[in-house]
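Have a look at the structure below, then the notes.
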Amino acid sequence: MTTEASTITISCLCETAHQTLPSPTDLSDVTCCGCASCRHLSGQLWTTYTPLASPPSLANLTSYSPSPSTTTYFCSTCGCHLFRRHSDTHEPRWEVTTGTIISSPPIPLPEALTITTTTTHDKPTPTATNEPLSTSLYRLFTPLLSPALSPAPLPPLLHASCHCTRITFTITPPSASSFLPSSPFADLLLPYCRHPPNVTSNPSSLKWWLRDPYLAGTCACRSCRLASGFEAQAWAFVPRFNIHFGPTADPLVTFPRPLLQSYASSPAAGAVREFCPTCGATVFWHDAHRPDLIDVSVGLLCASSDCEGSSPVAAAYPYLYWWTERTSFAEESAAGQSFNAP
Ligand SMILES: [Zn+2]
Ligand SMILES: [Zn+2]
Ligand SMILES: [Zn+2]
């Protein structure tokens, strides 16, 4: 075995946490969890961690303890989740988020993927592959998001909060103002790599986000992966006027500071990611091209009082229409990742 093959390199989006670590003994040992705690802590539908062989560098990371024996660590600059430490055993156990692994030995994915969430859908059978974890995992997740659930009445408000509850807001059903935003099509609907800009720019100004009632889907772009630390960022597309912070219930006009922390993930496009500076949950994505249509992290949403017991998809249903035909930027799902020579 070469030296390269025995290490992994990880990074967050801003590269503050970039480091090389001894390779885990079994990189295919991935714990995938969609419990309410993981959802509200990450903003995602599922978190994915794999064990580390030794403690990592925690420089410039913020720590948060979702339970007495668990501490998570995220980048203080870009919000990316990186590590989890369990202290319920004699020797602390460390794990790393799979989305941050940018270089690793070849990973035999199947068999060991443990999905610990409850879901009414069948677990898809992993295919034997020799590919980056992100590619394999988002392929496994997407079929779990079925839009074919039976109709249910729309609650008057959809509540959202991060794990530490520093960030709490509500989403209201579509109203007349929900038609006001203008926006290019999302890559989720019309892949940019296969459609010309004069089509994706949405010249007829179709209100594609209004879809029984709000469209939602997953994104596998490099930026989402490295800003969250996980494989597929789940976004709901919600007009700014339907997002309400605080007791006054005024529509979201400006992003509340210092409540939210922002990171300019693509300054040229005016793209900004908002996250909770206390627990690290991803919250919003927005950009200059569609300032009035906001991407909202689906993991924060809770449609019923039984968020704890609900599956990742049921937690936000019936407010969302899941797009399962495609994951946004699926072509980029392994962008920036590479294998060391075996
Ligand atoms: Zn960072
Ligand atoms: Zn993305
Ligand atoms: Zn928080």
Taking the options Ala268, Ala236, Ala264, name whichever one is in a strand (DSSP E or B), outside the structural domain of Tyr73 (by TED's automatic domain parsing) and farther than 14 Å from Val296 by Cα. Ala264
Pairs, please: C-beta under 6 Å, at least 6 apart or cross-chain, first residue over 16 Å from Ile101 (Cα atoms) and assigned to a strand (DSSP E or B) and in region 53-81, second modelled with pLDDT under 95 and within 16 Å of ligand 3 (Cβ to nearest atom)? Pro66/Ser37
Within region 208-233, how many residues turn out to be outside any strand (DSSP E or B), at pLDDT 90 or above and over 16 Å from the mean Cα position of the chain (by Cα)? 2
Any pair with Cβ under 7 angstrom, 6 or more apart, that starts in region 184-207 at a residue that is more than 15 Å from Phe237 (Cβ to Cβ) and assigned by TED's automatic domain parsing to the domain that holds Leu293 and ends at one that is surrounded by 17 or more Cβ atoms within 10 Å (Cβ to Cβ) and of a type in the set (Val, Ile, Thr): Tyr192/Thr200
Out of the residues in region 31-45 that are outside any helix (DSSP H, G or I) and either within 16 Å of ligand 2 (Cβ to nearest atom) or assigned by TED's automatic domain parsing to the domain that holds Phe169 (or both), state the one that is surrounded by the fewest Cβ atoms within 10 Å (Cβ to Cβ). Leu45
Given (1) surrounded by 19 or more Cβ atoms within 10 Å (Cβ to Cβ); (2) modelled with pLDDT of 80 or more, number of the condition Arg326 does not satisfy: (1)
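Would you say Arg273 is among the basic types (Lys, Arg), in a helix (DSSP H, G or I) and within 19 Å of Cys80 (Cα to Cα)?
For Arg273, the condition - among the basic types (Lys, Arg), in a helix (DSSP H, G or I) and within 19 Å of Cys80 (Cα to Cα) - is not met.
For (1) away from ligand 2 (no atom under 16 Å from the Cβ); (2) within 30 Å of Cys32 (Cβ to Cβ); (3) hydroxyl-bearing (Ser, Thr, Tyr), each residue gets a yes or a no:
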residue: Thr200; (1), (2), (3): no, no, yes
residue: Ala216; (1), (2), (3): no, yes, no
residue: Gly246; (1), (2), (3): yes, no, no
residue: Arg257; (1), (2), (3): yes, no, no
residue: Thr282; (1), (2), (3): no, yes, yes
residue: His286; (1), (2), (3): no, yes, no
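The values are calculated or read from the model by the stated rules, or taken from the named source; none is laboratory data. Since the structure is predicted, the reported quantities are computational estimates derived from the model, not experimental observations. Glycine also receives a Cβ, built like all others from the backbone with ideal geometry; neighbour counts cover every protein chain displayed.
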